[in-house]
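Following: one structure in structure tokens, then a few remarks.
Read-outs: derived from the displayed coordinates by stated rules, not from any lab. Keep in mind it's a predicted model, so treat the numbers as computed, not measured. Cβ coordinates were reconstructed from backbone atoms using ideal geometry, including for glycine residues, and neighbour counts include every protein chain displayed.
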């Protein structure tokens, strides 16, 4: 009885750990979206920074509580749009400070001219806004919060100097915290958050008749990371074993299977040696004797070899869709690339890459990461998206900017108002490889109305890499 209770507790603990891992993985994937990351940063860092400034205000009379409205809105602007035109420390600090100085100057002039009629000076307010507009325009400090500080200084009484000093101190403190956050976290989010940039190092390649070009593509991906490794996997064909068995005088089927496996192993070892020299990446060879290559066998081998990416030759069914083999690979927790060569089996390097994306999600980032790995160093990578109407152009451009901003390298972006298949068919000959998504993250209704892009690109004149993100459990 005690053993049964203990076994149940152990099983419950395992289920809870799996649930915890799934929830953590879901949260990380949610956080990978730039918009979600910025919203969370606003919810976390803006309150903390305002709390810190409040603490300083309580400790020193130099900081007035009247600076909180412009400071809070300015801080929100910094963290909500870290790549925007207002998101620079000089504009943030300079704009708020110039606004406060302009308001102070306007108040002094209004008092000197005798326009101060009691209460808040209307003439001082008008002059303050006018001076602020002129100065921020001339100094390229078009900061909205500058107008707030210019008006709030009018109600500080005799503490204008303390107010200006408080603006300088508090805004400098916020700007310094923002710079640290942006330089060491936001701009490094690909390193900390995006799973493909830290994983997909161990690559399994199911070998086929066109497997050598696929293996070279996989080696270029794995070789981009120091921890990379390629595992070449093949299955001894039953027909080959039977033929060898019938040719064997002793009729020993076991010997025939061993000979077939040995021949396959030697062939893969020769390719592995070539890949190691060309791409400076360790290569291993695994040969199975199960008779046929199935998705289940490949996935089982990938897990046993601790591989987090499978690069397989692309194959279609008789009806033009994905083969059952690739569909089976896609229905797993492991990332998969289905690679289709355009017939140039001797290609060993991909100089120019085109990445076709629908947005800035995790699949798009994985696609761009793989393109960066395989593209020759120093070459510009093209990233494109297609839209239906011109009204979506600005949103599409912003989405592409968010996507490439997290990666280092040379990029060019294209937004085309045409169908993706038409655009890619037109520009594909300029590139060595085109990277597209598998569309498995779309709804069933969406795939029914508009079939996946790769089904329309059978005649594309370039190598095609179809990227599928695994369903991490």
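The fewest-to-most ranking of 233, 407 by surrounding Cβ atoms within 10 Å reads 407, 233.
Label-to-label distance, residue 187 versus residue 76, with points set 7 angstrom from Cα along the beta-carbon direction: 2.7 nm.
Computed FRET efficiency, Cβ-Cβ of residue 324 and residue 459, R0 25 Å: what is it to the nearest 0.05? Walk me through the numbers on the way to the answer.
Working: r = 23 Å, r/R0 = 0.94.
After rounding to 0.05, the efficiency reads 0.60.
Exposure proxy for 369, 388, 81: other Cβ atoms within 10 Å of each Cβ, ordered fewest to most, give 388, 81, 369. Segment residue 274..residue 414, full-extension length gain: 46.7 nm, with 0.36 nm per residue of separation and the alpha-carbon distance subtracted.
Taking label positions 7 Å along the Cα-Cβ direction at both residue 122 and residue 258, the computed distance is 10.6 nm, reported to one decimal.
Note on the stretch 34-189: the C-alpha convex hull projects to 9.0 nm² when averaged across all orientations.
Between residue 392 and residue 140, the distance separating the two model label sites (each 7 Å from Cα on the Cα→Cβ line) works out to 3.5 nm. By the beta-carbon count within 10 Å of each Cβ, the least crowded to most crowded order of 274, 391, 90, fewest first, is 391, 90, 274.
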